[in-house]
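In what follows, a single structure is set out as structure tokens and then discussed.
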Amino acid sequence: MNIGTRKILDRSFTAVGIGSIIVMAIALMIVVVPIVTNGIGAVFFTGTIEHRKMLLNEFRRGDSENLSSEVASSERYRANVYNMLTGFEAELETMAPEKKAEYKGKYSQVRSALQALLGPLPGDSAPMLTRSKYGQTRWEKAEEKLHDLLYESKWDNSNPDVMSKEYFVNRAIGFEGTSLVKLFPYVKDNLEKMLLPEFTVYWGFITDSSVDSHFFGGIWPEIQGTFFLAIGAMLFAFPLGVVAAVYFTEYAKPGFLNSMLRSANSTLAGVPSIVFGMFGLAFFINTLKVSESKSVIAGALTLAIMILPTIIRSAEEAILAVPKTYREASLSLGSTKWNTIMTVILPAALPGILTGGVISLGRAAGETAPIIFTAAVSVGSAIGLADVFSSPTPALSWNIYNLASEHEAASQIRHVQYGMVLALVSIVLLLNLSAIVVRARVSKKLKG
Amino acid sequence: MIELMIKKLLQLLILLAFTVTAAANAAVGTIVIDGSTTVGPVAKTFAAYFTKKYGVRVTVSESGSGNGAKSLINGSCSIAAMSRAMKAGEIGAARTKGVNPVANIVAYDGLAMVVHPANPVRGLSKAQISSIYRGIITNWREVGGPNARIVVIQRESNSGTEESFKELVAGKGVQITGSAETQSSNGSVKSRVSTTLSAIGFLGLGFVDQSVKIIAVNGVLPNVITVKNGTYPVTRPLYFYTNGQPSGSVKQFIELPKTAEGKRMISELGFVNH
């Protein structure tokens, strides 16, 4: 090959390499930027007075004197709205029956839009569900609800051959000539005074339990469950994996059985995680009965089996990478095989073993499928360490899925879902970082 | 250093041993609910209320009616939430395992047929819906709508809602068209219908919101009155199944739908009281 072709090949290789790194970086940005920007909104947002009321009532948090003065000032403006409603209700009674019926339907829409915005109106019976006890707690949601109050969505189906088109009608026009027509501009102009939005930092999103299936409150039980599951899986898998790796590298005689075991291990690493989930249900819960129902322990065991192959493989590689001279030096000093493994080989291999452990820990924290049938529930309170043997737990990965698809009001609580995603990504990142630090310290010690 | 690690590991094991003994005490007073995604909102709300009022921990999984039944048969849940009655086969399987499933009706639910709000079709007859799901009617034009292919959305085989739908509308043992899309929960049916102009699907009444449009079945729209008096043709009860007659806190939980507060929660969630 002449030098010119070689140069061209070399350059094009460099270009492809840099190009793929750039593509990866862009992909990472596309994934991470929305996660971070949307996720942060769960903690930092413009909260309304309804959020502060909720915090005081549900979590006994906040300054009650300050709040009651705020409530008083917002009630001054709300009172006008309530007066307009009672005024219109009185007016309704004086109308001709057919006109009354016509307005009644429209009026009940206005009422429910107002309830969504401000919470229960005077005359409503106190609701049982926490979600209907408060108006909008977040300002950006309140603005959406204001739009719902001001405009009615209608569908134009004048052309029967195509699907209808959405258009918005100003609700105020529907109440032309009645006293209620004043309500719409009033609410529009005074919404800020009625809801008193201010910048809120809600750390409770991380430390609180959820209220009324994630409508309010935080995600602490999910975070805790994720930790329990991931660390529990490591407690089982890490020692087992290291022992198995030591056996493969130091004790096992090369032969048919050994190579079968190794290839079985590699195959296991490629088995889809849902298979482990089903296996965990059938084996740990239905056969071994490690717990009466789903439980953290059953989930941790299932995850442990899932990450075991990775740990074994990486520990094996790390042990094999220890220079042969270490082993020979130790043995020549009269040390036993066991002693050599414990004092020379394992410490030298530890950084590599830890790397495998870290990758697996992150995987255990993020997996959904193995815990669907063995550990995860969509609602449950935070569990204590003593309950890991008997209680299932909510966990971030599963609850993200649950909120995305199954929750009855998924579209109203997107911020919680984003917050959970950010929390999960941060936990995995945190685990990785802490393990990198540990690893760095271990290798430093070994060198020193 | 390895010795230090082993020491730490031993300490951990001792700690674990302690927690095992502690767990034996903690296990008392937990209610585990598994099953239907349709009953999910009721179960979750009841769970929060019950935990607050009696201090008993309640966990809720929404994995589908079929899985709820399996969990009850295997003894891995105390209450199976189901949006259909247990089948004879399931009851048989339970009996052989020494489990005696008892049905407790929580609430009634109308199975709402939903389309995208842009769809001008206001109502369909049961026969028309059945034909749509069997693949005989494939275009909205055939039922008075615009010229658009119907995207049929059904639930997975594990779903009680799917079984109720088949039983009440399509007819038992009917083969649903192979081009039907399968979604795994009420929530995902709703989001699919609300983003697909020509879709049709079915939802528990508690899941309906403005993002989809309910259509009348045989000229009747589902609401509290029509579901309660049975004029809405696709009405079904929702169940909490227990093993034998429940006692203790499970009994208290099962009886929540009979209390005034339980009834309020059910109706605020959009379901219909027993």
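The values are calculated or read from the model by the stated rules, or taken from the named source; none is laboratory data. Bear in mind the structure is a predicted one, so any value in this text is a computation, not a measurement. Every residue, glycine among them, receives a Cβ derived from its backbone with ideal geometry; neighbour counts consider all protein chains shown. Just so you know, the surface numbers come from the protein's heavy atoms only, side chains and all, with ligands and any DNA or RNA stripped out. Shrake-Rupley method; radii C 1.70, N 1.55, O 1.52, S 1.80 Å.
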>> How high is the relative contact order of region A:220-447? Use alpha-carbon pairs under 8 Å, at least six apart in sequence, and give a whole percent.
In response: 30 percent
>> Please give the Cα centre distance for region A:140-157 versus region B:123-172, rounded to the nearest Å.
In response: 31 Å
> How much of the DSSP beta bridge set in the protein assembly as shown is antiparallel, as a percent to the nearest 5?
Replying inline: 70 percent
>> Compute the helix-to-body angle for A:183-195: its Cα long axis versus the longest principal axis of chain A, expressed 0 to 90° and rounded to tens.
In response: 50 degrees
> Any residues in region A:402-427 that have 30 Å² or more less accessible area with all protein chains than in their chain alone, probe 1.4 Å, and which are they?
Replying inline: A:Ser405, A:Glu406, A:Glu408
> Using the Karplus equation 6.51 cos²θ - 1.76 cosθ + 1.60 (θ = phi - 60°), what ³J(HN,Hα) coupling, rounded to whole Hz, does each residue of region A:435-441 give in order, writing x for Gly and Pro?
Replying inline: 5, 5, 4, 4, 4, 4, 5
> Once a ≥ b ≥ c are taken as the square roots of the eigenvalues of the Cα gyration tensor of region B:109-235, is the result rounded (a/c under 1.5), prolate (a/b larger than b/c) or oblate (a/b not larger than b/c)?
Replying inline: rounded
> Of A:Leu396, A:Leu333, A:Leu350, which has the largest mean-square fluctuation in a 10 Å C-alpha GNM of chain A?
Replying inline: A:Leu333
> Roughly how big is the B-A contact, given as buried accessible area in Å² (both sides, 1.4 Å probe, nearest 100)?
Replying inline: 4200 Å²
> Cα gyration tensor of region A:261-379, axes a ≥ b ≥ c as square roots of the eigenvalues: rounded (a/c below 1.5), prolate (a/b > b/c) or oblate?
Replying inline: prolate
> In percent, how large is the relative contact order of chain B, given Cα pairs closer than 8 Å and 6 or more residues apart?
Replying inline: 26 percent
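Lys and Arg at +1, Asp and Glu at -1: add these up for the other residues within a Cβ distance under 15 Å of A:Val377 and post the number.
Neighbourhood net charge equals -3.
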> Hey, if you drop one equal point scatterer on each alpha-carbon of the protein assembly as shown and run the Debye formula without solvent, what base-10 log of I(q)/I(0) do you get at q = 0.08 Å⁻¹?
Replying inline: -0.77
>> Rg and Dmax in Å for region B:178-227, alpha carbons only: what are they?
In response: 11.6, 35
>> Considering only protein heavy atoms and a probe of 1.4 Å, how much of the accessible area of region A:220-447 is carbon and sulfur, as a whole percent?
In response: 72 percent
> Highest GNM mean-square fluctuation, chain A, Cα pairs closer than 10 Å: which of A:Arg131, A:Arg414, A:Arg61?
Replying inline: A:Arg61
> Can you run phi through the Karplus equation (6.51, -1.76, 1.60; θ = phi - 60°) for region B:256-273 and list ³J(HN,Hα) in whole Hz, with x for Gly and Pro?
Replying inline: 3, x, 8, 7, 4, 5, x, 4, 4, 4, 4, 6, 5, 7, x, 9, 10, 5
> Put simply, what bits of region A:159-207 lose 50 Å² or more of accessible area when the other protein chains are there, versus the chain on its own (1.4 Å probe)?
Replying inline: A:Met163
> Using Cα pairs under 8 angstrom and six or more residues apart, how large is the relative contact order of chain A, in percent?
Replying inline: 18 percent
> Which residues make up the longest stretch of chain B that has no GluC sites (Glu not before Pro) in a DSSP loop with at most 14 other Cβ atoms within 10 Å?
Replying inline: B:1-155
> Going from the alpha-carbon gyration tensor of region A:4-120, what semi-axes, largest first and in whole Å, does one get by taking the root of 5 times each eigenvalue?
Replying inline: 60, 25, 9
>> Using amide H atoms built in the peptide plane, which far-off residues or other-chain residues are under 5 Å from B:Arg155 H to H?
In response: B:Gln183
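May I ask you to give the solvent-accessible area per residue for the protein assembly as shown, in square angstrom, as obtained with a 1.4 angstrom probe?
Solvent-accessible surface per residue comes out at 46 Å².
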>> Using +1 at the C-beta of Lys and Arg and -1 at the C-beta of Asp and Glu, which of A:Val425, A:Leu235, A:Phe184 has the Cα lying farthest in the positive direction of the dipole of the protein assembly as shown?
In response: A:Leu235
>> Please compute, for the alpha-carbon atoms of region B:114-154, the extent along each of the three principal axes and give them in descending order in Å.
In response: 23, 19, 17
> Given the rule -39500 (n - 2.57) for each run of at least 4 DSSP H residues, summed and divided by the residues of chain B, what is its mean residue ellipticity at 222 nm, to the nearest 500 deg cm²/dmol?
Replying inline: -11500 deg cm²/dmol
> Can you list residues whose amide H is under 5 Å from B:Gly135's amide H, if they're 5+ apart or on another chain and H is modeled 1.01 Å from N?
Replying inline: B:Thr177
> By how many degrees, between 0 and 90 and to the nearest 10, does the Cα long axis of helix A:64-94 differ from the longest principal axis of chain A?
Replying inline: 50 degrees
> So how far, in whole Å, is the C-alpha centre of region A:336-384 from the one of region A:230-253?
Replying inline: 10 Å
> Each residue of region B:175-180 in turn: what ³J(HN,Hα) in whole Hz from Karplus with 6.51, -1.76, 1.60 and θ = phi - 60°, glycine and Pro shown as x?
Replying inline: 7, 7, 3, x, 8, 5
>> How large is the Kirkwood hydrodynamic radius of region B:29-135, counting all unique pairs of alpha carbons, in Å?
In response: 16.0 Å
> Within the accessible area of chain B, what % is carbon and sulfur when the probe is 1.4 Å and the other protein chains stay in place?
Replying inline: 56 percent
>> Rounding to the nearest 10 and keeping the result within 0 to 90°, find how far the Cα-based axis of helix A:296-320 lies from the longest principal axis of chain A.
In response: 40 degrees
> Most fluctuating residue of A:Ala329, A:Ala230, A:Ala404 in a GNM of chain A with Cα springs under 10 Å: which is it?
Replying inline: A:Ala329
> How long, wide and thick is region A:220-447, going by the Cα atoms along their three principal axes, in whole angstroms, largest first?
Replying inline: 69, 39, 31
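Report, in deg cm²/dmol and to the nearest 500, the calculated mean residue ellipticity at 222 nm for chain A, where each DSSP H run with n ≥ 4 adds -39500 (n - 2.57) and the sum is divided by the residue count.
That comes out to -21000 deg cm²/dmol.
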>> Can you give me the long-range amide H partners of A:Arg138? Hydrogens built in the peptide plane at 1.01 Å from N, cutoff under 5 Å, separation of 5 or more residues or another chain.
In response: A:Thr48
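Report D for region A:73-193 in µm² per second (integer): Stokes-Einstein, Kirkwood Rh on Cα pairs, 25 °C, 0.890 mPa s.
Translational D for this selection: 156 µm²/s.
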